[in-house]
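Okay, structure first, notes after.
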Amino acid sequence: MALGKRLGRNPRDVAAEILEAVDLTGVARDVEVAGPGFLNVTLEATFLADLAGETWADERLGLEPDAASQRLVIDYSAPNVAKEMHVGHLRSTVIGDALARIHRRLGHEVVPENHVGDWGTPFGMLIEHLVDVGEDAAVAELSVGDLNRFYQDARASFDASDGFKERARERVVRLQAGDAETVRLWRVLVDQSAAYFQVVYDRLGVLLTPDDIVGESFYNDALPGVVDDLRALGLLTLDDGAECVFPPGFTGRDGSPQPMIVRNRNGGYGYAATDLATIRHRVDDTHADRILYVVGAPQRDHLAMVFAVARLAGWLPDGVTAEHVQFGNVLGADGKMFKTRSGASVRLVDLLDEAVARAEAAISERNPDLVGDERAAVARAVGIGAVKYADLASDRVKDYVFDFDRMLAFEGSTGPYLQYAHARIRSIFRRGEVDPAALDVGAVVVGEPQERALVLALLGFPAAVRHAAETSHPHRLCGYLFDLAQTFTSFYEACPVLRADDEATRAGRLVLCDLTARTLSAGLDLLGIEAPERM
RNA sequence: GCCCUCUUAGCUCAGCGGAUAGAGCAUCGGCCUCCGGAGCCGUGUGCGCAGGUUCGAGUCCUGCAGAGGGCGCCA
């Protein structure tokens, strides 16, 4: 029909001509023109069976790397030094991790960058607080992850004492001047925080490592150059004492041009300057072909302006794309921003602990045979998987409601449902004492409608992954996996496997079972979710 | 005031310009001595409102309403 439009002809006539011209012997049993110009193709059972066999024999499950390998910088997670990781960091971390895995799988070189907040005026206050409580005590506090308390105590001192306030101000100046002792103390905060972040990342099962941290401070030395070069390009305007760029097309209050302040009237550099320096670094030094910013929706205007200015300045050439992979808020049951009852932000580790505890309770009840370390490991996989899947499964642009009961349900589009579907298939092989490796490529037979439906679903894996990658929408992959699991369940209901009527049928169905399990496992892995063998 | 995002079934959500808009949960009704019932099959209800573009609009455009967010020296 798209072709008909391009040719300016009746879609049905075009379809009929195509039907005449193609020879689908061995591929399709039947092709017919339908509706406004669809071609309904009924594939030959043997053709489908062969494809299923080939896919089963393929390590990559039919998913070929993209023709042209790109270098992608993915900017995600970005917690703040000496501040607790909370639900606000969940989405960026989980979505960024999934995108990193997906693009790697497609053969691209992924450079994860964790743009942690390790610079700015709060560090005067934080360092003075560090001095007050003593280095050892501070390290002890930070290393156990009590970042909230550290930050809040510092804040309290700052608010309560003018003397402290003054010390904090002076400390910022010394930090910016590169005073050795101050920088050393700052480094203590950064290192302790990084160690804590890693504990959270490991628990969450994301691939980020300390090596991926490229904090704001990394760009300090590049900031004067950003301003100088903008000035040399004639893009800089002095406005009310601040050095600004006014990119065309951006308006603020009252429809007046919207400034992007790169340097404030006190000579300090804003985060816009840092973001521009970051782009230059990613293009000039990292040689990125594509840059993804996995950052919340509120930053939309800011990032659009940064990209626009970077284009104006020529720092973001035509061949390089910068995309804002925006996402909505995590909401509580009341439909408002997810907070604790007292109104504080929820610590990410607390959230994960509760998910794992709930998962363990559910597993203990349902499968009492699972005990000890294995039960703990499965509970971790299920609890964390539930949280991650819930975050990835709906369109990231929208807000979603955080609900333990729903995300940990074994019914519906949830992590546990998919993990269970996988474990259940694996159990077929244990029960039947069948080694999947010993199966035969040519065994698949497509007879029953449920077998046909399952094979068609299995063959859709590569397209689902590609689609998720192209649009930076992991929820497309979630939807695919859920559909696959449901299709499998219908198949399994209608088609006996271990008790199949004859050996040939049994062998063919076992191949489909194994292929399904591997596809589910691979798909979950691309989402950063484990697929336990039993649960 | 300007700008952005969102609004699909009772609830939570899919839906990529194409056919009669789909899932899950909940409801109701069936099935199966079932290889893990955490199942299968069926059942009813819906695109916020009004225009426009198109052979064709939940999808694109405009306006309106509601919700959330952003808009000069924090990041």
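Assorted remarks:
- Scan segment A:320-367 for residues that are away from RNA strand B (no atom under 12 Å from the Cβ) and assigned to a loop (DSSP other than H, G, I, E, B) and the total you get is 8.
- Here A:Asn266 fulfils each of the conditions (1) more than 9 Å from RNA strand B (Cβ to nearest atom); (2) open to solvent by 10 Å² or more (accessible area, probe 1.4 Å); (3) assigned to a loop (DSSP other than H, G, I, E, B) apart from (1).
- Taking (1) at pLDDT 95 or above; (2) closer than 23 Å to A:Gln326 by Cβ in turn, A:Tyr271 satisfies each apart from (1).
- Some residue of segment A:329-344 being modelled with pLDDT under 95, within 22 Å of A:Phe402 (Cα to Cα) and open to solvent by less than 10 Å² (accessible area, probe 1.4 Å): yes
- Enumeration of residues in segment A:269-319 that are open to solvent by less than 30 Å² (accessible area, probe 1.4 Å), part of a loop (DSSP other than H, G, I, E, B) and free of Cβ contacts under 8 Å to residues at least 60 places away in the same chain: A:Gly270, A:Trp315, A:Leu316
- Search result, residues across segment A:495-516 that are small (Gly, Ala, Ser) and either buried (at least 23 other Cβ atoms within 10 Å of the Cβ) or in a loop (DSSP other than H, G, I, E, B) (or both): A:Ala500, A:Gly508
- Filter result (surrounded by fewer than 16 Cβ atoms within 10 Å (Cβ to Cβ) and either of a type in the set (D, E, K, R) or in contact with a Ser or Thr (Cβ under 7 Å, 6 or more places away or on another chain) (or both)) within segment A:124-145: A:Asp132, A:Glu135, A:Asp136
- Total residues in segment A:4-58, condition surrounded by 13 or more Cβ atoms within 10 Å (Cβ to Cβ), free of Cβ contacts under 8 Å to residues at least 24 places away in the same chain and near RNA strand B (Cβ under 10 Å from one of its atoms): 2
- Single residue of segment A:59-89 satisfying the filter (over 28 Å from A:Leu130 (Cβ atoms) and among the hydrophobic types (A, V, I, L, M, F, W, C)) that is most open to solvent (accessible area, probe 1.4 Å): A:Ala67
- Residue, most open to solvent (accessible area, probe 1.4 Å), within segment A:205-220, restricted to residues that are more than 16 Å from RNA strand B (Cβ to nearest atom) and among the charged types (D, E, K, R): A:Asp211
- Condition met for A:Pro79 (away from RNA strand B (no atom under 16 Å from the Cβ) and either out of contact with any Ser or Thr (no Cβ under 7 Å at 6 or more places or on another chain) or within 26 Å of A:Val183 (Cα to Cα) (or both)): no
- All positions within segment A:240-262 that are open to solvent by less than 70 Å² (accessible area, probe 1.4 Å), assigned to a strand (DSSP E or B) and within 9 Å of RNA strand B (Cβ to nearest atom): A:Ala242, A:Glu243, A:Cys244, A:Met260
- Filter pass, A:Ala390 being without any contact (Cβ under 8 Å) to a residue 40 or more places away in the chain and either in a loop (DSSP other than H, G, I, E, B) or open to solvent by 30 Å² or more (accessible area, probe 1.4 Å) (or both): no
The values are calculated or read from the model by the stated rules, or taken from the named source; none is laboratory data. What you are looking at is a predicted structure, and each value in this text was computed from that prediction instead of being measured. Here the Cβ is made from the backbone with ideal geometry for all residues, glycine too, and neighbour counts use every protein chain on show. All accessible areas refer to the heavy atoms of the entire protein, side chains included, with ligands and DNA or RNA removed. Shrake-Rupley method; radii C 1.70, N 1.55, O 1.52, S 1.80 Å.
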